[in-house]
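Chemist: Below you'll find the structure I mean.
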Amino acid sequence: MVKLFFLLLALAAPAGAANLGRAADPSMWDRLTERAQRSPTTVEKLTVGDTEYRVFVVTLATAAVEGQCPAEMTPRMTFYLAKPVSGPGGGVYPGRLTVQCTSAEFTRQETSVDTGFDGGVRGGTLYDPASNKFLDLEKAKLTPKQKARLDALLAGAAARLLGAP
Amino acid sequence: MSMRAAVLALLAFAAPLRANDVGARVEFAGRPFDGAASNPIRTDFTGLLIQGRFEGPAAPVEASVKSGTTWGPWIEATGESTKNGRFWMKVLVAGRKGDSVRLRTTAAVEVFGLYATDFAEEGPGPGPFRNMTAPVPSAASSPKPEVKSRAEWGARPAAKPYSPMTPERITIHHTESAQPLSAESAIDELQATQRFHQNGRGWIDMAYHYLIDGGGRIWEGRPMAVVGAHVKEKNDGNVGISLMGDFSKGKKKPTVAQIASLTRLTRWLSATYAIPADRVKGHRDQEITECPGDALYAQLYELRRTTAASADLFASTRRTAMVLREPAW
């Protein structure tokens, strides 16, 4: 189910689309947001303009995406849920899921997606090892292989995030 | 103490040059310094550093620098003093060589030392702010510096929503443009930079999280804890601080006020977000670029050292440590 959810998300990310699609499985979004609020790794405060947000962060530093990062780097995945506490909101994407490679030197964005309140993907980037380039999900036309990679990364991250205590 | 006595005190209690003071010691040959000229200063310098003690109420201290045969305007020194009258001050001037300086003040003052210093050339080692030390509680060692908000410089809203992030490293930049000294000119430069980044670069907002003008004012760029646009493909978790100016080789140098504010901001960020000192880097450490320019990059060793010292304070509440005191401007 997880894979299907993110596969559909990935397929719903064609080039040039301002809105990259809605969550095919709203329950998955609900589960992720519930997970973030129930047992966040950290809760951070964020102020953008007149709006104050509470950001629930779930981070896993385990190797959920073995083989995706260079040897000297560690895979890491993070889910952010930004909820307005006061003010009109709208300054921050409500959801964000990232898969990264990190080291003491720097963090490389493997892939990330920003989502709306409904879990629908609004934008993001995907690292493409074949071309060694970062693809803008709003602009790039993903090949089937790239879409599959995006699916695998996000599905793997979501599964581990949901399965974590 | 009379002015003449003060000058004698200057000679008697002159503090030694610190290892990183590359400038010249300034002496007045026993003459009063209520306007009298010093000996020639045979080195490039960008500022004057004074330390001493007021014997009564504090009063402004002013300096004038000679260029060729012409004396420049009187410039008021800035700095800090303690309850017992001890003070240190500095006067920033343009880089000069072979000139003289004169001082004046209405206060009864004892001057311990006066140095023509090229602040920007300071290498690793104690900086000019280390001479005044005091044990303080660790919680007070890294207070949040004053940051002028986006509203104060008339920032335009971001073109799109931001992406949240968790700060875990800091990258130092220069804007490679003007080095405004006044708040008014800084606002003009900030607005121009935002327009360049939004309209020219195509980013959703100003690239950096913080910018520091030539007068040391800290300005909010993007809100904290959202992804910036200052290191290609390595922006996640990366806080961008940019000093306004072009510090490339042969160009300008960061002012003392800029470095002081950068130090306070970095220490506060490090303490607040638990960012270790070795994750404070220059832009050029992360991709091929000249940024942040040689003159600023040369300061980063000391910046990391200071940040690490601050972190040590947090690591042990029992430790009594020497901490930096910095000017209040």
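Chemist: Would a scan of the range A:86-106 turn up a residue that is within 14 Å of chain B (Cβ to nearest Cβ), at pLDDT below 80 and surrounded by 14 or more Cβ atoms within 10 Å (Cβ to Cβ)?
Modeler: yes
Chemist: I would also like to ask the following. Out of everything in the range B:202-254 that is charged (D, E, K, R) and within 14 Å of another protein chain (Cβ to nearest Cβ), what residue ends up being nearest to the chain's Cα centre (by Cα)?
Modeler: B:220
Chemist: Take the residues in the range A:112-134 that are more than 11 Å from chain B (Cβ to nearest Cβ) and in a strand (DSSP E or B); name whichever of them is modelled with the highest pLDDT.
Modeler: Filtering first and then ranking leaves A:126.
Chemist: Can you find a residue that is at pLDDT 90 or above and either basic (Lys, Arg) or closer than 17 Å to residue B:161 by Cβ (or both) anywhere in the range A:63-76? Lay out the reasoning, then the answer.
Modeler: Taking the range A:63-76 first, the residues at pLDDT 90 or above are none.
Within the range A:63-76 (the criterion being at pLDDT 90 or above and either basic (Lys, Arg) or closer than 17 Å to residue B:161 by Cβ (or both)), the answer is no, since none of the residues qualifies.
Chemist: Let me ask something additional. If I filter the range B:163-178 down to residues being open to solvent by 20 Å² or more (accessible area, probe 1.4 Å) and either more than 8 Å from chain A (Cβ to nearest Cβ) or in contact with a Leu (Cβ under 8 Å, 6 or more places away or on another chain) (or both), which single residue comes out as nearest to residue B:247 (Cα to Cα)?
Modeler: The extreme case among them is B:176.
Yes/no per residue for (1) surrounded by fewer than 24 Cβ atoms within 10 Å (Cβ to Cβ); (2) part of a helix (DSSP H, G or I); (3) of a type outside the set (Val, Ile, Thr); (4) out of contact with any Gly (no Cβ under 6 Å at 6 or more places or on another chain):
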position: B:184; (1), (2), (3), (4): yes, yes, yes, yes
position: B:188; (1), (2), (3), (4): yes, yes, yes, yes
position: B:214; (1), (2), (3), (4): yes, no, yes, yes
position: B:235; (1), (2), (3), (4): yes, no, yes, no
position: B:249; (1), (2), (3), (4): yes, no, yes, yes
position: B:253; (1), (2), (3), (4): yes, no, yes, yes
position: B:263; (1), (2), (3), (4): yes, yes, no, yes
position: B:266; (1), (2), (3), (4): no, yes, no, yes
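Chemist: Yes or no: residue A:139 open to solvent by 10 Å² or more (accessible area, probe 1.4 Å), free of Cβ contacts under 8 Å to residues at least 24 places away in the same chain and out of contact with any strand residue (DSSP E or B) (no Cβ under 8 Å at 6 or more places or on another chain)?
Modeler: Answer is no for this residue.
The values are calculated or read from the model by the stated rules, or taken from the named source; none is laboratory data. Source: prediction; values computed, not measured. In this analysis, Cβ positions are derived from the backbone assuming ideal geometry, glycine residues included, and neighbour counts consider all displayed protein chains. Accessible surface areas use protein heavy atoms only, side chains included; no ligands, DNA or RNA. Shrake-Rupley method; radii C 1.70, N 1.55, O 1.52, S 1.80 Å.
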